[in-house]
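The values are calculated or read from the model by the stated rules, or taken from the named source; none is laboratory data. None of these values were measured; they are calculated from a predicted model. Positions of Cβ are backbone-derived with ideal geometry, glycine not excepted, and every protein chain shown enters the neighbour counts. Accessible surface areas use protein heavy atoms only, side chains included; no ligands, DNA or RNA. Shrake-Rupley method; radii C 1.70, N 1.55, O 1.52, S 1.80 Å.
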Amino acid sequence: MEISPVPERESFPHDDGVPTDDERQSTVDTLQHAAGAGRLTLAEFTDRVDVALAAETRTEMRQALQGLPKESPIVGATASPPAFSLFGNVRARGRWRLHRRNRAITIFGDIQFDLRDSVCSESEVWIEGRTLFGNVEVIVPEGIEAELTGFTIFGDRRLELAAVPRSPQTPTVHVHGMTVFGDLRIRSLAPGESGSAWRRMLDRWRGAPPSAKQLPHRPPSPGSAKSSD
């Protein structure tokens with residue numbers, strides 16, 4: 001499903017009143033168009049939509065569009081993942097185009113699709129991974145709905161999604177995998193969070209802050225408690 005272009009301008013007044021439903025939808029449409037054009041990743045899109053929907057004033061809502069890229073897509077926004085490998089791994093991460101259907105096959109190697117920095121204009125996507133003597137893993141941003149089907153022989157099947165509300169206007173990710181002597185896994189990670197458990201333990205031991213990119217300020221959700229002096 002391709003997203004039709006929408007004017008990328010603030011269609012709501014500059015006063016600091018409460019945004020209307022139409023104003024919120026206009027902001028989400030602008031963000032959705034930017035994501036479909038390859039100028040926002042899935043993780044960036046989900047964070048900005050959360051800001052827009054949680055905003056209690058128009059000033060807070062405008063923060064969802066702050067710094068929105070207006071130039072051409074970044075290099076890699078049209079790249080597709082590799083499809084086949086023999087005695088090697090298939091990995092897609094960084095900036096790449098998540099198509100409606102994506103497939104990878106490897107023998108004596110692992111398959112990993114990291115969707116956090118991918119760009120996507122689809123409402124649903126399908127990922128198929130098959131490997132002999134290897135693992136299949138798909139990493140999604142927190143707030144993305146995903147389902148896992150397929151089977152393993154001498155391996156585990158694991159669906160590990162963060163217990164957070166689903167981000168609106170994001171695609172549903174369907175993963176179908178087959179592994180022999182390997183694991184089949186979907187998990188969600190925050191932007192910049194390492195996929196390696198050892199690296200995360202080392203970062204916590206060092207007291208290092210997360211390596212996530214700077215995102216627009218997220219206002220508190222409606223009804224949240226406010227501290228008083």
Q. Would a scan of the stretch 100-112 turn up a residue that is of a type outside the set (Asp, Glu), part of a strand (DSSP E or B), over 19 Å from Gly155 (Cα atoms) and under 12 Å from the mean Cα position of the chain (by Cα)?
A. no
Q) Out of (1) more than 13 Å from Asp110 (Cα to Cα); (2) of a type in the set (Gly, Ala, Ser); (3) open to solvent by less than 30 Å² (accessible area, probe 1.4 Å), the odd one out for Gly129 is which? A) (1)
Q.
If I ask for residues that are open to solvent by 60 Å² or more (accessible area, probe 1.4 Å) and over 20 Å from Asp110 (Cα atoms), which ones from the stretch 162-179 would you list?
A. Ala163, Val164, Pro165, Arg166, Gln169
(Q) Here are the criteria: (1) surrounded by fewer than 21 Cβ atoms within 10 Å (Cβ to Cβ); (2) in contact with a helix residue (DSSP H, G or I) (Cβ under 9 Å, 6 or more places away or on another chain). Tell me which single one Leu98 does not satisfy. (A) (1)
Q: Sort out which residues of the stretch 18-36 are among the β-branched types (Val, Ile, Thr) and open to solvent by 10 Å² or more (accessible area, probe 1.4 Å), and write them in order of number.
A: Val18, Thr20
Q: Give the number of residues within the stretch 133-146 that are open to solvent by 10 Å² or more (accessible area, probe 1.4 Å) and under 17 Å from Arg103 (Cβ atoms).
A: 2
Q. Could we say that Arg58 is open to solvent by 10 Å² or more (accessible area, probe 1.4 Å), among the basic types (Lys, Arg), touching a Gly at 6+ places or on another chain (Cβ under 9 Å) and closer than 18 Å to Thr30 by Cα here?
A. yes
Q. Of these, Leu132, Leu159, which one is under 30 Å from Leu53 (Cβ atoms) and in contact (Cβ under 8 Å) with a residue 24 or more places away in the chain?
A. Leu159
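So that you can scan it fast, the table gives a plain yes or no per residue for (1) assigned to a loop (DSSP other than H, G, I, E, B); (2) at pLDDT 90 or above; (3) surrounded by fewer than 15 Cβ atoms within 10 Å (Cβ to Cβ); (4) within 19 Å of the chain's Cα centre (by Cα):
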| residue | (1), (2), (3), (4) |
| --- | --- |
| Phe12 | yes, no, no, no |
| Asp16 | yes, no, yes, no |
| Gly38 | yes, no, no, yes |
| Ala64 | no, yes, no, yes |
| Leu68 | yes, no, no, yes |
| Val75 | yes, no, yes, yes |
